[in-house]
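There's a structure below that I have some questions on.
The values are calculated or read from the model by the stated rules, or taken from the named source; none is laboratory data. Note that the structure is predicted; figures quoted are calculated from it, not measured. Note: ideal-geometry Cβ built from the backbone for every residue, glycine included; neighbour counts use all protein chains shown.
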Amino acid sequence: MMAATGLRAMEFHANHNFSSDCPVTDIAGKPSLLIVDDDQLIIDSLGFTLGRDFAVLTAASRTEAVDKLVTCAVAPALALIDLGLPPTPHRPDEGFALISELLARAPAIRIVVLSGQNDEANARHARALGAVDFVAKPASPEGLRALFQQILAYPSQAVSATAGEPELVGESLPLQRLRLQLRQYANSPFPVLIDGESGSGKEIVAASLHRLSQRSSQPYLALNCAAISPTLVEPTLFGHAKGAFTGAVGARAGYFEEAADGTLFLDEIGELPLDLQPKLLRVLENGAYQRVGETQGRVSRARVVAATNRDLKKEVREGRFRADLYHRLSVFSIAVPPLREMGKDRLLLLDHFRRHYAAQAGQAPFGLCAEAEARWLAYHFPGNVRELRNIAIRLATKYAGQDVAAAELEAELDTSFADVAELPVLHRDPLALIDLALAHLKEEGESFSLDDTLRNWESAYIEAAQRLTQGNVSHAAKLLGVNRTTLYNRMETLARSRGKT
């Protein structure tokens, strides 16, 4: 279903004549490829050699890559990214963050990591975040071309891209509760807010709500709010009049209008621009909206389903999301369980995907030996269903018709969280912390600075969390109990304060 809704979004933007410098395909219909590397020689050489088979777009940093992605009418089919990007080219932090951001904004994009930081831990963590494969530098263009063609032979890597209707696979108690909520909320006209970790399958839940409802024969449209330039969100949602902005060569309907009596799914709702939030609230309250550049009022009858992996309550407290919009969106709330809480459903999902890809490739499905099956059930799956699905694809490619041994499976897993020590625990023992403070004050005397000390403690915890999570800011934020955006802000504040000292 996600593949279908992604295609629907592609058609909308293609028909709306939005300007973009993103080469989706060239006139020969080549698939698009985003190359992100801070080495201009690599960009030039790969762009030249791969340009015969792909429509190439390039960027030298995470920021530039994201900026180019949101200007694309259609997201690239493939991305080839380096882990070591500025401003920290000798660490994998920016590359890991870019994997997460690309998939948040374009769930169907297939990501291959090409990096000189090619230790096994980095490779495993990149795949856990959603990368399809990891290739060590130097790599031949011919080898990359063959890898891309192999990847494109499979369908989109989006979590919900399965054949036919979307499926909720599993029988665990968390999934049974989820199915019960879907049946309870399906026919209500009120909004639903779906919350869940990245890769957990929120798109499938939204599509299932529509399929189970009396609206199932009506349109189902999906828009990823993070995957579109902020300046285009309003005309995309509400439509526009001819000449309303540069490139608006004709009047067009928006998603609310085209959804009619069906369902409109707004993914990554936390990315909705603050100045647009009152207009969405107005539609939710009474259905009223206007096309950009028109004064004529229109009324939407579509049911809105929204999804986020952010903590919207924190976003409200920090002024980035309207409280009234949050309460209007969350009339019904659904929490999608992470895969680690779904017990033996991990085996059912594995069976679902291995059979699907074996049938697609015309090969016998792989199996797991008893020891590998036990390891599979013990694994924590930080990337949730998306990670499980990518592992199934790799195993189906490497071990068709074979039983996978435990050592072979272990090579596909990200163990960076399983074998690390905990963060410092002084905050759990107030008496120990007081003793430490007394000793510090006696040592420093009148030269003691509370601001500097608190800043150093905060910096140490952030650094520890980043080390434990291999530089993944989202996981580090979760480990520290703060929002990802809050962690970014604190890191920037600490960097500025260090620059002044």
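Might you check whether a residue that is assigned to a loop (DSSP other than H, G, I, E, B) and more than 19 Å from PRO107 (Cα to Cα) occurs anywhere in segment 228-241?
Yes, segment 228-241 contains a residue that is assigned to a loop (DSSP other than H, G, I, E, B) and more than 19 Å from PRO107 (Cα to Cα).
Evaluate the following for ALA207: is it modelled with pLDDT of 90 or more, touching a Pro at 6+ places or on another chain (Cβ under 7 Å), crowded, with 17+ Cβ neighbours inside 10 Å and under 30 Å from LEU34 (Cα atoms)?
Yes, satisfied.
Separate question: Hey, among LEU409, LEU454, which residue is at pLDDT 70 or above, in a helix (DSSP H, G or I) and surrounded by 12 or more Cβ atoms within 10 Å (Cβ to Cβ)?
LEU409
Pull out all pairs, ordered by first then second residue, where Cβ-Cβ is under 6 Å, the residues are six or more apart or on different chains, the first lies in segment 319-332 and is under 12 Å from ILE194 (Cα atoms), and the second is part of a loop (DSSP other than H, G, I, E, B).
Cβ pairs passing all conditions: LEU329/PRO191; VAL331/PHE190; VAL331/PRO191.
Examine segment 293-303 for a residue that is aliphatic (A, V, I, L, M), surrounded by 14 or more Cβ atoms within 10 Å (Cβ to Cβ) and at pLDDT below 95, and state whether such a residue exists.
No, because not a single residue in segment 293-303 is aliphatic (A, V, I, L, M), surrounded by 14 or more Cβ atoms within 10 Å (Cβ to Cβ) and at pLDDT below 95.
Would you tally the residues in segment 253-288 being surrounded by 22 or more Cβ atoms within 10 Å (Cβ to Cβ) and in a strand (DSSP E or B)?
5
Another one. Tell me whether segment 267-279 contains one or more residues that are under 16 Å from SER300 (Cβ atoms) and in contact with a strand residue (DSSP E or B) (Cβ under 6 Å, 6 or more places away or on another chain).
Within segment 267-279 (the criterion being under 16 Å from SER300 (Cβ atoms) and in contact with a strand residue (DSSP E or B) (Cβ under 6 Å, 6 or more places away or on another chain)), the answer is no, since none of the residues qualifies.
Kindly indicate whether ARG340 is part of a helix (DSSP H, G or I), surrounded by 15 or more Cβ atoms within 10 Å (Cβ to Cβ) and among the charged types (D, E, K, R).
No; evaluated as a whole, the condition is false for this residue.
Residues checked against (1) of a type in the set (S, T, N, Q); (2) modelled with pLDDT under 95; (3) under 28 Å from VAL66 (Cα atoms):
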| residue | (1), (2), (3) |
| --- | --- |
| GLY201 | no, yes, yes |
| HIS240 | no, yes, yes |
| GLY262 | no, no, no |
| PHE265 | no, no, yes |
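So that you can scan it fast, the table gives a plain yes or no per residue for (1) in contact with a Cys (Cβ under 8 Å, 6 or more places away or on another chain); (2) within 30 Å of ASN286 (Cβ to Cβ); (3) not hydrophobic (A, V, I, L, M, F, W, C):
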site: ASP311; (1), (2), (3): no, yes, yes
site: ASP345; (1), (2), (3): no, no, yes
site: PHE353; (1), (2), (3): no, no, no
site: TYR379; (1), (2), (3): no, no, yes
site: GLU387; (1), (2), (3): no, no, yes
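Just one of the numbered conditions (1) modelled with pLDDT under 95; (2) surrounded by fewer than 21 Cβ atoms within 10 Å (Cβ to Cβ) is not true of ARG354; which one?
Unmet condition: (2).
Moving on to the next point. Given the conditions (1) free of Cβ contacts under 8 Å to residues at least 60 places away in the same chain; (2) under 24 Å from LEU487 (Cβ atoms); (3) among the basic types (Lys, Arg), report the number of the one that ARG105 does not fulfil.
(1)
Still on this model: Could you please give the count of residues in segment 304-337 that are over 15 Å from LEU266 (Cα atoms), assigned to a helix (DSSP H, G or I) and of a type in the set (A, V, I, L, M)?
2
Here is a further query. Among the numbered criteria (1) surrounded by fewer than 19 Cβ atoms within 10 Å (Cβ to Cβ); (2) not in a loop (DSSP other than H, G, I, E, B), which one does LEU34 miss?
Exception for LEU34: condition (1).
Which of (1) touching a Leu at 6+ places or on another chain (Cβ under 8 Å); (2) of a type in the set (A, V, I, L, M); (3) modelled with pLDDT of 95 or more is the odd one out, the single condition ILE194 does not satisfy?
Condition (1) is where ILE194 drops out.
Considering only segment 89-145, how many residues are at pLDDT 90 or above, basic (Lys, Arg), assigned to a helix (DSSP H, G or I) and surrounded by 19 or more Cβ atoms within 10 Å (Cβ to Cβ)?
Selection size over segment 89-145: 0.
Taking segment 316-337, which residues are more than 20 Å from ARG282 (Cβ to Cβ) and either crowded, with 18+ Cβ neighbours inside 10 Å or polar (S, T, N, Q) (or both)?
Result: SER333, ILE334, VAL336, PRO337.
Right, next: If we scan segment 216-223, do we find a residue that is farther than 20 Å from VAL299 by Cβ and crowded, with 16+ Cβ neighbours inside 10 Å?
yes
Moving on to the next point. Go through segment 190-203 and give me each residue that's surrounded by fewer than 24 Cβ atoms within 10 Å (Cβ to Cβ) and out of contact with any strand residue (DSSP E or B) (no Cβ under 7 Å at 6 or more places or on another chain).
Within segment 190-203, GLU197, SER198 meet the criteria.
Hey, can you tell me all the residues within segment 48-75 that are crowded, with 18+ Cβ neighbours inside 10 Å and in a helix (DSSP H, G or I)?
LEU50, ARG62, ALA65, VAL66, LYS68, LEU69, VAL70, listed by residue number.
Sticking with this structure for a sec: Test PRO86 against the criterion of being in a loop (DSSP other than H, G, I, E, B) and in contact with an Asp or Glu (Cβ under 6 Å, 6 or more places away or on another chain), and give yes or no.
yes
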